[in-house]
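Structure record follows, encoded as structure tokens.
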Amino acid sequence: MSDSRNDRTALRELVENWALWRDAGDWDRFATVWHPSSGWMTATWFQGPAAEFIAASRTGFESGVNILHFLGGHTSDVVADRAIAQTKMTISQRAHVDGVEVDVVCTGRFYDFCSRETDGWKIVRRQPIYEKDRLDVVDPAVRLELDGELLTRFPPGYRHLGYVQTKAGFTVKAGLPGLNGEAVRLLYDEGEKWLAGADSAGTPL
């Protein structure tokens, strides 16, 4: 197997470990997927250093916040000791909105800026791309009325996810990358510059 193939296999394992260890609450191993000094996570509800994301995720996990991740197709571009990995994913959250139990599902991609360190590949920056989402009432016999004004605060890619998380008390960031638009074009440009040797992994949102 070529070094390039080995790198792509290792990057896929890195992304899978992120999802499995985070969703299982395996916080010590979850910490190992991140670059030790410059790891950065952007999500709808969180933007900041990896260590703070781990702490916030642990607090939510232990208080009953139910957010799970499912992975699909994966590809990566590797140049020397840097890589951009893209992985199809679905974010699934169960929550209560105005007393009604719901499931919200958001499909998109994880766009990861990665670097090869002495102990393997690490995530330097993770930026999800939010492509589309939907909201379902768990009990189909129950009716839920949505606040149209709140719903339209967020772009189509994570409109319902943003709605549910806002109702749950999170501050949800607007303007995150979607399937099309300026934000995702900027992200792709930052990815190209990262592979070309830029000093940083772009400007995290």
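Where a number appears in this text, it was derived from the coordinates with a stated rule and is not lab data. Not measured: the values here are computed from a predicted model. Cβ atoms come from the backbone with ideal geometry, glycine included; neighbour counts cover every protein chain shown.
What to note about this one:
- Integer Hz, Karplus 6.51/-1.76/1.60 couplings in order for the range 27-39, x for Gly and Pro: 5, 5, 6, 4, 5, 6, 7, 8, 4, x, 10, 10, x
- Between 0 and 90°, nearest 10: helix 182-195 axis offset from the chain longest Cα axis: 20 degrees
- Dipole in debye (nearest 20) - the chain, about Cα centre, beta carbon charges: Lys, Arg +1; Asp, Glu -1: 220 debye
- Once C-alpha pairs closer than 8 Å and six or more residues apart are averaged by separation and normalised to the residue number of the chain, the relative contact order reads 18 percent.
- Helix-only CD estimate at 222 nm, as mean residue ellipticity for the chain, using -39500 (n - 2.57) per DSSP H run (n ≥ 4): -10000 deg cm²/dmol
- Multiplying the residue separation of GLU52 and ARG29 by 0.36 nm and removing their Cα-Cα distance gives an extension gain of 6.8 nm.
- Candidate aspartates and glutamates for bridging to LYS122, where Cα separation is under 16 Å - those fewer than 8 sequence places away on the same chain excluded: ASP7, GLU13, GLU16, ASP28, ASP77, ASP81, ASP112
- Note on the chain: GNM, Cα springs under 10 Å; of ASP112, ASP23, ASP189, the largest mean-square fluctuation is that of ASP189.
- Value of D in µm² per second that Stokes-Einstein yields for the range 157-205, Kirkwood Rh from Cα pairs, at 20 °C (1.002 mPa s): 172 µm²/s
- Most fluctuating residue given options VAL142, VAL100, VAL78, as computed from a GNM of the chain linking Cα atoms under 10 Å: VAL142
- Of all the options TRP21, TRP121, TRP34, the one that moves most in a Gaussian network model of the chain with Cα springs shorter than 10 angstrom is TRP21.
- Positive-end extreme of charge dipole, the chain - chosen from GLY148, VAL138, HIS96 (charges on Cβ): GLY148
- The GluC sites (Glu not before Pro) of the range 126-205 that DSSP puts in a loop, and whose beta carbon has at most 16 other beta carbons within 10 Å, are GLU145.
- Using the empirical formula 2.2 N^0.38 Å as the baseline, the Cα radius of gyration of the range 114-178 reaches a ratio of 1.54.
- Taking 16 Å as the cut-off, the amide N atoms of the range 6-49 that come nearer than this to a point 7 Å along the Cα-to-beta-carbon line of ASP77 belong to 8.
- Column: log10 I(q)/I(0), Debye, Cα scatterers of the chain, q = 0.14, 0.17 Å⁻¹: -0.82, -1.17
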